[in-house]
Amino acid sequence: MRITAIRSCVLLATGLSAASAQSRAKVNQYGNPEKLAPSQTAAAITEQDLQTRLYQFADDSMLGRQVGRLGNFKGTNYIASELKRLGVVPAGDNESYFQTLPYHFHQFTNHSRLTVNGNPLTWETDWIAIPGPRAPRPIVNVPIVYGGVEGDTAHQIGALRAAGNFVVLAAAPPERAGRGRGASAPAAGRGGGRGGFGAAPSRFADAVAVATVDLDALNEGARATLAAPAVATLSTAGGRGGGRGRGNAATPAPDSLTQLRQQLAQLAPQATLRLTREAAQKLFGGRRVETLTPGTAGGTVTAALDFVDLPSDWARNVVGIIPGSDPKLRHEYVAIGAHNDHIGVTTPVDHDSLKAFNNARNAMLIANNMVALTPEQLATIKVNMDSVRREHPRARRDSVNNGADDDGSGSMALLEIAEAVKNMKVKPKRSVLFVWHTGEEAGLQGSRYFTDNPTVPMDSIVAQVNIDMIGRGRAEDLPGGGPDYLGVVGSFFDSKDLGEEVAAVNKKQQNPLSLDYKYDTTLTWSGYNNIYGRSDHYNYALHGVPIAFFFTGLHGDYHQRTDEPEFIDYPHYARIANYIRDLVVDVANGPRPRMNGTNPAKPPKVVP
Ligand SMILES: [Zn+2]
């Protein structure tokens, strides 16, 4: 007995000291600390609970949760262990919480060899190869030709001159760098994952390989990242064809020859390489690339690219169910989703100067009426390092894209909603299906896989509520932002009933939110293209499930290392999570939302 008394005093003392340490912890302008020790959560959806969960889920130790990598594996373990603790029913593969995607990583190892006129070049020092979905075409005694400057299509060699050759391109000048490579996903950073895939076949489609002379710009760390396992393929049985987006049906089928070429290109893609200037000189008998005219011939090249395929079972959707209380309706589901992945790690930079830069960039974008900033405008942003150092005397190197808002906020709101619904005395009539999708940043892969391989019948899902980024939405983040702000997307597209329910449940809130429907129409704001097609609800809609997507807008830390838990607006975030809980319960108890069918509905002009 005495022991326990002493132990509880000690616990009390440490608890008190931890709490007082916490209360003494330095907080930022939003009242949030840099770090936060985890604490027990309660049944209600509270700011504290959202905070304690998000600081864990978006911590540096989660390594930016890139799909199929260790960080994503750790993040999904956290979610599953919480579901287990809460007693939510597992609904993944084999009565587990996980639905594992057939994921493969591809990599070129340092056993790869490249010789020019028989003379070897050194891996990573002189050259590197970028892994693609498949092993590339063989490169044996291939003639080298200088193709021109990357992106400068006016002066580059033509398709005929490139066919069958090893094409070398000079790097695009800095002001044009990065254009022309994967143009289909401008705003998304490395992960991509946002709308619009499959660029048109380029003039170099029939080249054996394309090598760009821009490796000098990358330090050793960045070169190693390039060589790291990347571009994982997802072999989906019976998946849908390529096209995405409502408008894609109109794309004309290419002629049979182009189709054949595209199939060949898919089967044996050309190799993509990057070279240093010095290495490139060796390909052209010592002449510097800058002195060459497009079409200039070099020597011959032979390469043995050691392509490895690494299966990973770390790409997992997390799936759980809270069964409904009605004997009949419990076989129908209200699905609620978020994505558990983000874009991983990138090269380290000084966190605080990057934060200052991102704040200034976003303020300039808002002042520029959301019209994309030119390189000249961006160049005028000067970060005052003295004030940064005054605030943060110690430089904090940062390479982790924490994804606190994207989509840590959605993922943790789902856990809080699960905890709240699980603690309801009377459960909703229909069952609630929780899905944390992986691979969203890599092209909505997790939701595509789930909707192609659902663990409950798709037609028993009466609606899907998707959450992606509900942790910000301040006035400094986007025009119209503020403590009541909430973007709602697609809620009327397939079911007027659902759209009206979204608005009605909000009206019933003690403190209704200000719902913004502008993303239902085309928006010209920079970075806001095709919001409807850029998150997981889209795959449910493609399967005929009415959806409502919630999002508080982009901001300066979007897809940046600075998307940290300490910059989240927790009071706002908690209000939204409580509202969405109410909406899910309302749909689970109400009449099944009817599909619009042939008479599409439009959202009401101003709400409330
Ligand atoms: Zn996201």
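The values are calculated or read from the model by the stated rules, or taken from the named source; none is laboratory data. Remember, predicted model here, so these are calculated numbers, not experimental data. Counting neighbours? That spans all protein chains shown, and the Cβs are built from the backbone with ideal geometry, glycine included. Surface areas here come from the heavy atoms of the whole protein model, side chains and all, with no ligands, DNA or RNA. Shrake-Rupley method; radii C 1.70, N 1.55, O 1.52, S 1.80 Å.
Things to note:
- Scanning region 421-429 turns up no residue that is in a helix (DSSP H, G or I) and closer than 23 Å to ALA58 by Cβ.
- Restricting the first member to region 462-475 and to residues that are more than 25 Å from GLY324 (Cα to Cα) and open to solvent by less than 10 Å² (accessible area, probe 1.4 Å), and the second to residues that are away from the ligand (no atom under 14 Å from the Cβ) and in a loop (DSSP other than H, G, I, E, B), the beta-carbon pairs closer than 8 Å and six or more apart or on different chains are GLY471/ILE568; GLY471/ASP569; ARG472/GLY481; ARG472/ILE568; ARG472/ASP569; GLY473/GLY481; GLY473/GLY482; GLY473/ASP569.
- Matching residues in region 340-390 - criterion: being polar (S, T, N, Q) and either outside any helix (DSSP H, G or I) or open to solvent by less than 30 Å² (accessible area, probe 1.4 Å) (or both): ASN340, THR346, THR347, SER353, ASN358, ASN362, ASN368, ASN369, THR374, THR380, ASN384
- Across region 430-442, the qualifying residues are those that are open to solvent by less than 10 Å² (accessible area, probe 1.4 Å) and within 16 Å of the ligand (Cβ to nearest atom), and the one among them that is farthest from ILE321 (Cα to Cα) is GLU441.
- Hey, GLY320 in the same structural domain as VAL584 (by TED's automatic domain parsing), over 30 Å from THR115 (Cβ atoms), within 16 Å of the ligand (Cβ to nearest atom) and not β-branched (Val, Ile, Thr) or not: no
- Per the conditions (1) among the hydrophobic types (A, V, I, L, M, F, W, C); (2) within 28 Å of THR41 (Cα to Cα); (3) out of contact with any Gly (no Cβ under 9 Å at 6 or more places or on another chain), the sole criterion not satisfied by VAL462 is (2).
- In region 19-44, the residues that are surrounded by 12 or more Cβ atoms within 10 Å (Cβ to Cβ), at pLDDT 55 or above and among the hydrophobic types (A, V, I, L, M, F, W, C): ALA25, VAL27, LEU36, ALA37, ALA42, ALA43, ALA44
- The criterion of at least 1 residues that are modelled with pLDDT of 95 or more and within 16 Å of the ligand (Cβ to nearest atom) is met by the following helices (runs of 4 or more DSSP H) wholly inside region 443-554: 445-452, 537-542.
- The residue that is nearest to ARG53 (Cα to Cα), among those in region 372-425 that are more than 21 Å from the chain's Cα centre (by Cα) and of a type in the set (Asp, Glu), is GLU416.
- Search result, residues across region 392-424 that are more than 16 Å from the ligand (Cβ to nearest atom), surrounded by 11 or more Cβ atoms within 10 Å (Cβ to Cβ) and among the charged types (D, E, K, R): ARG396, ASP398, GLU416, GLU419, LYS422
- Among residues of region 68-104, those that are open to solvent by 10 Å² or more (accessible area, probe 1.4 Å) and either of a type in the set (Asp, Glu) or over 23 Å from LYS422 (Cβ atoms) (or both), counted: 10
- Where LYS382 falls short, out of the listed (1) more than 16 Å from the ligand (Cβ to nearest atom); (2) touching a residue at least 12 places away in the same chain (Cβ under 8 Å): (2)
- Total residues in region 273-302 satisfying the condition of being part of a loop (DSSP other than H, G, I, E, B), closer than 14 Å to GLY148 by Cα and of a type in the set (S, T, N, Q): the figure is 2.
- Those strands (runs of 3 or more DSSP E) lying entirely in region 61-175 with at least 3 residues modelled with pLDDT under 90: 103-108
- Selected residue [touching a Gly at 6+ places or on another chain (Cβ under 6 Å) and surrounded by 15 or more Cβ atoms within 10 Å (Cβ to Cβ)] from ILE144, ILE139: ILE144
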